[in-house]
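The values are calculated or read from the model by the stated rules, or taken from the named source; none is laboratory data. Please read these numbers as outputs of a predicted model, since none were measured by experiment. We place every Cβ from the backbone using ideal geometry, glycine too, and count neighbours over all the protein chains shown. The protein model used for the area step is the full one, side chains on, heavy atoms only, and it has no ligands, DNA or RNA in it. Shrake-Rupley method; radii C 1.70, N 1.55, O 1.52, S 1.80 Å.
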Amino acid sequence: MENEAAPLLEVKNFSLELKQDENWNPVLSSLSFTLKKGETIGVVGESGSGKSVTALSIMRLLSDKSAKIVDGEIFLDYNNSVNELTKKSEKEIRQIRGNRIAMIFQEPMTSLNPVIKCGQQIEEALLLHTHLSKKEAKQKTIELLGDVQLPNPTKVWHSYPHELSGGQKQRIMIAMAMCCNPDILIADEPTTALDVTVQKNILELLKQLQEKYGMSIIFISHDLGVVAQIAHRVLVMYKGAIVEQGDVQTIFKNPQHPYTKGLLACRPKLDEKPERLVTVEETMQRAESRKQKAKSKKQSYSLTVSKAPPLFKIQNLNKYYPVRKKKLFEKQSYFQALENIDLTIYEGETLGLVGESGCGKTTLGRTLLRLVEPDSGTVFYRENNLMEFSDAAMRRLRKEIQIILQDPYSSLNQRLTIGQMLLEPMKVHHILNNDKERKRRAIELLERVGLCEAHLHRYPHEFSGGQRQRIAIARALTVNPKFIICDESVSALDVSVQAQVLNLLNDLKQEFQLTYLFISHDLSVVKYMSDRIAVMQRGKIVELNDAEEIYNNPQTAYTRKLIEAIPIVSIPKNSYRIKM
């Protein structure tokens, strides 16, 4: 694809400040980059580096009361003063949003209206920006739902957001953003909640749409493997500034800035398992020529847990969900989310649970805590049948068994400060003697997940998605649990913070003899963390084995499909490229 035309978008010396606690703090510093027609720019960097704020600035979605442009300009159609986005009125910018520039947001549950059907929410954008009739808009919406790999698009059209899995909701957002064929698509972590096979399909879909319509893409992600697969050029952001930019091959094969080298070094690798993952800070502090000297950890599953007693024993577990009726007197039908699950989790191990979105991973995790009641089967915890526990007994038990939920925004109370949220569970379970000790413990936990004491007095909306996930992890650790379900607990984290949190989880496991059920769509992370891996497909466990054995010798075609879809930080020989 020839691309000699002038840039479609130009950001020139753009600086921005955000208001926090009555003070204006610099967030973006002298950003300059261009985006050409048909080009994909990958934006990478740690949580809080300014990636999402840059996207929101282009979309003019930041409130004038909380955001102040210090310097710089943003041009649509390259240096065209008529299309200087920062000077547009709200009425003018509404005509551009969704029509010429669309955005896929990071957290789909907070972006979708919970009381409106998913199909109607996509239709709304079509009716606003096109001349389609209501009937034509509905048909176009159903086609879009099929394009983003959603099964039974007509059924999904009639579904509400709470009836879909996290990955399915994200695909709804992708369909909504692409419905008007925008000139520029800003994708803020669009594949974070997706399993590897759907992620691969979505990346291919974005490429196909880009080739068909000549669309430009700004692709924000902490997953360097994904960025390597889709981007033509890469911008590396650090503390609100662009520290390195260039074509994807140069950045990934020959990075120049120590920060870029650190981002590449801290991603878990499939061919080795070091004792600890390196972090960006450690890489930047070391000389560039030094390599990590951590010895490969070849400890087998049998040495780890073969002599440990079972902590959880699940027998013949089944869970059905009623399917919403289309007609009043229609016979009730059911969807089976869990089918005859038999599983043992041993004390002191990390059991990885992988599978495509909607296969039942989260339902199984919540069933163990009786947050979801099974329809049949038993769950034993330390040889006690949890199905026989009263509500009061379960509340006492939840001090020992905790869950880190997938969506940190909806799981954090927006009316409480972070300090109040961390102290509350310690008070309820009578942990430590007084609030002074509890506060000290809260500060310690925040620091261990990469935050600081100043964050105690802030509210959830003042943090990025990755920072909110770290707060959720710290909250789960406040009650000194023995068993933790990590439901996509690092999916929203950039690779460096992900490395810190994974190291922290492993440290806590050794220190307190913790047991984990680690649910994730990122198979490289699951392999690094797990002693054993269970593979789920359509509510069933289709394979269960030692982590190394699963990867080196998968027994089912489904497992092989998942492994083949893992994004790798490398540049394919026949990768999709444009001529710059």
Kindly indicate whether any position in the range 322-336 is more than 31 Å from the chain's Cα centre (by Cα), more than 30 Å from VAL428 (Cα to Cα) and touching a residue at least 60 places away in the same chain (Cβ under 8 Å). yes
Enumeration of residues in the range 415-448 that are among the charged types (D, E, K, R) and in contact with a helix residue (DSSP H, G or I) (Cβ under 6 Å, 6 or more places away or on another chain): ARG438, ARG448
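Could you grab me the full set of residues in the range 337-356 that are open to solvent by 30 Å² or more (accessible area, probe 1.4 Å) and either free of Cβ contacts under 8 Å to residues at least 12 places away in the same chain or not in a strand (DSSP E or B) (or both)? Don't jump to the end; show me each part of the working.
Quick first cut of the range 337-356, residues open to solvent by 30 Å² or more (accessible area, probe 1.4 Å) only: 339-340, 342, 344, 346-347, 356.
Once the filter is applied, which keeps residues that are open to solvent by 30 Å² or more (accessible area, probe 1.4 Å) and either free of Cβ contacts under 8 Å to residues at least 12 places away in the same chain or not in a strand (DSSP E or B) (or both), the range 337-356 yields GLU347, GLU356.
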Scan the range 399-446 for residues that are over 21 Å from GLY365 (Cβ atoms) and among the β-branched types (Val, Ile, Thr) and jot them down. THR417, ILE418, VAL428, ILE431, ILE443
Do we have GLY365 as in contact with a strand residue (DSSP E or B) (Cβ under 7 Å, 6 or more places away or on another chain), under 22 Å from SER411 (Cβ atoms) and either touching a residue at least 60 places away in the same chain (Cβ under 8 Å) or outside any loop (DSSP other than H, G, I, E, B) (or both) here? yes
Which count do you get for residues in the range 146-167 that are outside any loop (DSSP other than H, G, I, E, B) and modelled with pLDDT under 85? 3
Among the residues of the range 122-133, write down those that are open to solvent by less than 20 Å² (accessible area, probe 1.4 Å) and either in contact with a Pro (Cβ under 7 Å, 6 or more places away or on another chain) or in contact (Cβ under 8 Å) with a residue 24 or more places away in the chain (or both). ILE122, LEU126
Single residue of VAL449, VAL501, VAL542, VAL497 found to be closer than 25 Å to VAL198 by Cβ and in contact with a Leu (Cβ under 9 Å, 6 or more places away or on another chain): VAL501
For the range 22-35, give me the residue count where each residue is open to solvent by 50 Å² or more (accessible area, probe 1.4 Å), farther than 12 Å from MET237 by Cβ and in contact with a Leu (Cβ under 9 Å, 6 or more places away or on another chain). 3
Pull out all pairs, ordered by first then second residue, where Cβ-Cβ is under 8 Å, the residues are six or more apart or on different chains, the first lies in the range 22-36 and is more than 13 Å from ALA6 (Cα to Cα) and part of a strand (DSSP E or B), and the second is of a type in the set (Ser, Thr, Tyr) and open to solvent by less than 60 Å² (accessible area, probe 1.4 Å). PRO26/SER15; LEU28/SER15; LEU28/THR54; LEU28/SER57; SER29/SER15; SER30/SER15; LEU31/SER15; LEU31/THR54
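Let's see how each residue does on (1) in contact with a strand residue (DSSP E or B) (Cβ under 8 Å, 6 or more places away or on another chain); (2) of a type in the set (Ser, Thr, Tyr):
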residue	(1), (2)
THR478	no, yes
GLU488	yes, no
SER491	no, yes
ASP507	no, no
VAL535	yes, no
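So for the range 134-144 (the condition being open to solvent by less than 30 Å² (accessible area, probe 1.4 Å) and under 29 Å from the mean Cα position of the chain (by Cα)), does at least one residue qualify?
Yes, the range 134-144 contains at least one residue that is open to solvent by less than 30 Å² (accessible area, probe 1.4 Å) and under 29 Å from the mean Cα position of the chain (by Cα).
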Taking the condition closer than 26 Å to GLY214 by Cα, of a type in the set (Gly, Ala, Ser) and either assigned to a loop (DSSP other than H, G, I, E, B) or touching a Ser or Thr at 6+ places or on another chain (Cβ under 9 Å) (or both), does ALA177 pass? no
